[in-house]
Amino acid sequence: PLEFKETIETKVRFECVIEDKAIIFFKSKYRKQEQELIKTAIKEAVDILKPNGRLVVITYHSLEDRIIKQFFKYEEKSCICPSNFPVCICDKKSRLKIVNKKPIIPTEDEIETNPQSRSAKLRIAEKV
């Protein structure tokens, strides 16, 4: 886990905190080429999570949020076969359960106190 943390901090310029339950907090301002690094970091984060561990992600940009939302939804699915297949042949297993279907956003009081928080969205998923 320490190697993962160092990779994130040096390559992506995220603030990353890894605790016993592998709760991970990401805060980033990135350029377009760093979008792939976000995907890689999230995949690695899920890999190191223990069962029932939670992955907590705060995004500050709509593109970041879209990447996280799509990733969480994909990892929650237990089958990715086309709907016209009579039987599942993909053998995909669900790795995450989305804890909050809608992102948690700052209250008006928070935004008034900290205007930079207005675009923040917090998403939580739990490893199955």
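Summarising the amide proton neighbourhood of VAL128: residues at separation of 5 or more, or on other chains, whose placed amide H is nearer than 5 Å comprise ASN52, LEU96, LYS97.
Remark: for residue pairs LYS97/LYS121; LYS93/LYS121; LYS73/LYS102, the C-alpha separation exceeds 21 Å in LYS93/LYS121. How much net charge surrounds PRO106 when only the other residues with a Cβ under 13 Å from the Cβ of PRO106 are counted, with Lys and Arg +1 and Asp and Glu -1? Net of charged neighbours comes to -2. 3J(HN,Hα) couplings calculated from phi for segment 95-101 with the Karplus curve 6.51 cos²θ - 1.76 cosθ + 1.60 (θ = phi - 60°) are, in sequence order, 10, 10, 10, 6, 7, 10, 4 Hz; Gly and Pro show x. With an a/c value of 1.5 or above and a/b larger than b/c for the gyration tensor axes a ≥ b ≥ c computed over the alpha-carbon atoms, segment 85-128 is described as prolate. Can you work out the PRE-style zone for SER94? Point 7 Å along Cα to Cβ, and I want the residues of segment 58-87 with backbone N under 17 Å. So the set is 70-81. Counting protein heavy atoms only, segment 55-128 has 55 percent of its accessible area on carbon and sulfur, 1.4 angstrom probe.
Full extension of the segment from GLN70 to GLN116, taken as 0.36 nm per residue of separation minus the current Cα-Cα distance, would add 14.1 nm.
The values are calculated or read from the model by the stated rules, or taken from the named source; none is laboratory data. Note that the structure is a prediction, hence the values are computed from the model and not measured. Every residue, glycine among them, receives a Cβ derived from its backbone with ideal geometry; neighbour counts consider all protein chains shown. Surface areas here come from the heavy atoms of the whole protein model, side chains and all, with no ligands, DNA or RNA. Shrake-Rupley method; radii C 1.70, N 1.55, O 1.52, S 1.80 Å.
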